[in-house]
There are 2 protein chains.
Amino acid sequence: MVEFAADPSHPRYASLLMRHRLEIAAQRGMLAESAMIAHGRGEAFDYLLGEQTIPAALEATKHALKSLCDAKHPVLCLNGNVTALACDEMLKLADRIGCPLEVNIFYRTPERMEALFTFIQERQNALGLNVTVFGEHPNGRIPGLKGPRAACHEEGILRSDVILVPLEDGDRCQALVDMGKTVLVIDLNPMSRSAQQATITIVDELSRVLTNMLEMSLPPAIDEPYHHQANLQSCLSWMAGAFERA
Amino acid sequence: MVEFAADPSHPRYASLLMRHRLEIAAQRGMLAESAMIAHGRGEAFDYLLGEQTIPAALEATKHALKSLCDAKHPVLCLNGNVTALACDEMLKLADRIGCPLEVNIFYRTPERMEALFTFIQERQNALGLNVTVFGEHPNGRIPGLKGPRAACHEEGILRSDVILVPLEDGDRCQALVDMGKTVLVIDLNPMSRSAQQATITIVDELSRVLTNMLEMSLPPAIDEPYHHQANLQSCLSWMAGAFERA
């Protein structure tokens, strides 16, 4: 995806690669000012997970993927950080499921949107994919949100029944839940408003989640039912344990 | 310090003000590329503290200040983030204790050093202070460190017996401890190498610590002895509790 010199056997390789991707994206004007700080917050929570997919997160990942497979109109959302960190994986997942992507950013400016679409098109070309990507010319609005952040696409977010929103803002997550959608969130902070409000929350690092989803069979085998609060409690206990074990 | 429009009664005022200071500093070339990510990690741990000074941190703060007051050659260190976040408070504290500051950054470039010294001088002028600030022309080296990050000043870091290093890198903290110094660390992550290795660790947000130190009598009244591991354990339990209470 980008030139990156670090040795893959370095214990911090994955984390350094993600930082490198953000730096490239920042240089290209793809990110909001708060992007790096948000990523740092995520890093702290990931550190508490031990930078690994814990059992509760893997279970939530299976249920989220199953829900996308069973959907009538699934859609996967990209914001600046998601595009920077895992554009290839999001494109591959959309291609695999056969659904569109939609770029939907909180701080929308024409420059950022253009930078994001240029980057996504480069990656489509490099991967030889032709996934539909909505968002450049929004023709709908998410009810309950104000200003440019409500902008969305009728054939994308608006008509979707199941929507994957990684690293999503709490207000928008709530608005999507209020629309009656099945909202799938990826968020390293199990206490965030998005994590609490979502239908299914995967408490795990974005690129690990997408790698897991790309390796699962479609639809994935489900072992047990998903209980939102119990799953979050399990993640909270794991993180509390990081302090207790220290 | 900088123009900042937010309302002080806003519940996130302090946090937004710190972000604003970092943005200004980034524009002025004072920060390393990793500065925002490091700040985000700190924000996550501060969130677990409830964005407040917990009792163990206040106790550690008193002991750290006492140690600076009792020192023969105390010195306070500034790196990029510390200068951005709390330059005024560091200058005031050095003035109050009557000790020098030293700028000591991990990724040293002439441009960054100049940006930092220009900013610090502006703040000295604004505050009407004349604190000695070492670091521009280092004439000594910290044993055990390689490259520019070992650079330091003989009359500053090198001869100091007690040294305050807020937001310090683990390698440099270890090197200072190995020199036999009393090393005082401010770090929101009680599990970090710096937090573990220091003589006294204050698990609290930088500007809160400095505000507390500026309000204490000199020397501060000490209630009970400081036990490093017990103090860290108390901070770890508090943070674990954030997850358990969620």
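Every number in this text was worked out from the coordinates using simple rules, so none of it is lab data. Bear in mind the structure is a predicted one, so any value in this text is a computation, not a measurement. FYI the Cβ positions are ideal-geometry reconstructions off the backbone, even for glycines, and counts take in every protein chain you see.
Taking other Cβ atoms within 10 Å as a rough exposure proxy, B:118, B:83 sort from fewest to most as B:118, B:83.
Comparing B:78, B:164, B:129 in a Gaussian network model of chain B (Cα springs below 10 Å), the most mobile by mean-square fluctuation is B:129. What the phi angles of region B:233-246 give under the Karplus curve with 6.51, -1.76 and 1.60, with θ = phi - 60°, is a coupling list of 4, 5, 5, 4, 5, 4, 5, 4, x, 4, 6, 5, 7, 5 Hz, glycine and proline written as x. The phi torsions of region A:18-24, fed into the Karplus equation with coefficients 6.51, -1.76 and 1.60 and a -60° offset, translate into couplings of 5, 4, 4, 4, 5, 5, 4 Hz, rounded to whole numbers, with Gly and Pro shown as x. Dipole of region A:55-245 computed with +1 at Lys/Arg Cβ and -1 at Asp/Glu Cβ about the Cα centre; of A:109, A:198, A:128, farthest Cα towards the positive end is A:109. Taking A:57, A:25, A:230 as the candidate residues, the one with maximal mean-square fluctuation in a Gaussian network model of chain A, Cα springs under 10 Å, is A:230. Sequence-distant contacts, meaning Cα pairs under 8 Å at least 6 residues apart, place the relative contact order of chain B at 24 percent.
Taking a sphere under 11 Å around the Cβ of residue A:80 and counting the other residues whose Cβ falls inside, with K and R at +1 and D and E at -1, yields a net charge of +2.
Distances between copies at residue A:148, taken between label points 7 Å from Cα along the C-beta direction, are 3.6 nm in increasing order.
Quick one: work out the % antiparallel among DSSP beta bridges in the protein assembly as shown, nearest 5.
Percentage antiparallel, nearest 5: 10.
Between residue A:52 and residue B:229, the FRET efficiency from the beta-carbon distance, with R0 = 25 Å, is close to 0.40.
For the cross-link pairs B:66/B:92; B:72/B:146; A:72/A:146, which exceed 18 Å when the distance is taken from alpha carbon to alpha carbon?
With Cα atoms farther than 18 Å apart: B:72/B:146; A:72/A:146.
Would you work out if region B:6-103 is rounded, prolate or oblate? Take a ≥ b ≥ c from the square roots of the eigenvalues of the alpha-carbon gyration tensor; rounded if a/c is under 1.5, else prolate when a/b is larger than b/c, oblate otherwise. The shape class here is oblate.
Please state the shape class of chain B: rounded when a/c is under 1.5, otherwise prolate if a/b exceeds b/c and oblate if not, all from the C-alpha gyration tensor. Rounded shape, in that the Cα axes give a/c under 1.5. Qualifying trypsin sites (Lys or Arg not before Pro) in region B:57-129, where qualification requires a DSSP coil assignment and no more than 10 other C-beta atoms within 10 Å, comprise B:72. Mean projected area of the convex hull spanned by the Cα atoms of the protein assembly as shown, taken over all viewing directions: 23.6 nm².
Between residue B:202 and B:185, B:186, B:187, the built amide H atoms are under 5 Å apart, and every one of these is 5 or more places off in sequence or on another chain. Over all other residues within a Cβ to Cβ distance under 13 Å of residue A:57, the charged ones net out to -4, with Lys and Arg as +1 and Asp and Glu as -1. Cβ crowding within 10 Å, taken as a proxy for footprinting-reagent exposure, orders A:167, B:116 from fewest neighbours to most as A:167, B:116.
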